[in-house]
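Notes for the one structure printed next.
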Amino acid sequence: MDVIREDTKKSSKIVMKYSLPNLRQYLLNLKNDNYSRQTLKNYSRDLEIFSSFLYYIEKTFDEIEKVDIIEYKGFLRDINYIPILHSYNKGEDLSQETIDKAKNDISEKKRAMYKGQLSDNSVNRMLSALRSYLTFLEDIDKPGPIPANAIKMIKTEKKEKQVAELEDLIRLIEFPTDFESNVKVKKRNRAILELIFSTGMRISEAVNLDRDKIKIIDGKIADNKMYIQGKGKKERFVYLTDRSIHYLQEYLDTRKDEYPAMFIPNKGTRRATENPYIVRLSQNYIQMKIADYRKRIGIILPTSAHSLRHGFATYIAEEGANPAAIQRLLGHSSLQTTSRYVHASDKFAEKSHRENHPLRE
């Protein structure tokens, strides 16, 4: 028993040595400022990884210098930090075996996911979390070893966003009807895909949608307009097409339950009946299904729920929709964000080139 107590004390000391001061207050401040639960989770995780980096270089937070941020970028880009993070969380002394594993023994799964390193955008997200934390320390007059502006983002490769051809997106949306054998599943999955492409909603917005957000009279959808709460708790109207109303209605007609969520799992709901609000389909399920459908159809371009939102913006832009209107439909705070988001597809660019080039004949 004494040995266990001593090991626990040792583990606790290691974690405490490399933990970040005022971290709880920082996360509480984000919560008070209405940051989403997912953002809080991401920032907490990102800063935990920074603590594991301090453990890796054997420096406390007060001892870090600007040059250590260069090392941190390399730690994120070139090392599989997972073994080090696990070792840190267990409060173990950092062994050479753990270091070697981090540097060399990247599993096939990790190699497939990260190609041996994090993406530039993922690295920048972690750097952004650290800069935000250092800014918070400055705001509450707590000493920080380096200023927040010492955290510089890495240069990212600018890639033109690609979106599948409209015909392929339509095939994807319609695929559940012919592929799924369970009637409720096929109607639900078809309704989800129709909803996202009809409205441009984020997958998180679709998952969190409740039935009372749609005007229903005598069991029938009576309005094409919904008022939803999106990212950053911003509220906006989104609009259903006649086609999406048809398939949503078909799905709702299969529902005999009282759960508030628009989309619910087909199995396992009884275990959550004490809290009906947690009975809803997960984002992971929807993404998994879209990935499966895409593979079976043979769509070459990466396609996800976000691709449907992207396709919604792209193709209504091609039909002449005003960028300001698209901004409101997508729930963007800035028109600049929408301008980056809504680009001309290759097909549209080719058509413009063919019709407008001065030497076209």
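General observations
- Taking N as its residue count, the alpha carbon Rg of the stretch 182-252 over 2.2 N^0.38 Å: 1.05
- Taking other C-beta atoms within 10 angstrom as a stand-in for reagent exposure, K233, K59 fall in the order K233, K59, fewest first.
- Qualifying GluC sites (Glu not before Pro) in the stretch 211-271, DSSP loop, other Cβ atoms within 10 Å at most 10: E258
- Taking R211, R296 and counting other C-beta atoms within 10 Å, the order from fewest to most: R296, R211
- What the phi angles of the stretch 35-46 give under the Karplus curve with 6.51, -1.76 and 1.60, with θ = phi - 60°, is a coupling list of 5, 5, 4, 5, 5, 4, 5, 5, 5, 4, 5, 4 Hz, glycine and proline written as x.
- Loop-located GluC sites (Glu not before Pro) in the stretch 12-112 (DSSP state other than H, G, I, E, B) with a sparse environment of at most 16 neighbouring Cβ atoms within 10 Å: E58, E65, E92.
- Rough spin-label spacing in nm, given labels placed 7 Å along Cα→Cβ, for T177 and D212: 3.3
- Here the gap between L301 and N284, fully extended at 0.36 nm per residue and compared with their Cα-Cα distance, gives a gain of 4.2 nm.
FYI, it's all coordinate maths here, none of it is from the lab. None of the values given here were measured: they were computed from a predicted structure. A quick note on method: Cβ atoms are made from the backbone with ideal geometry, for glycine too, and the neighbour counts reach across all protein chains shown.
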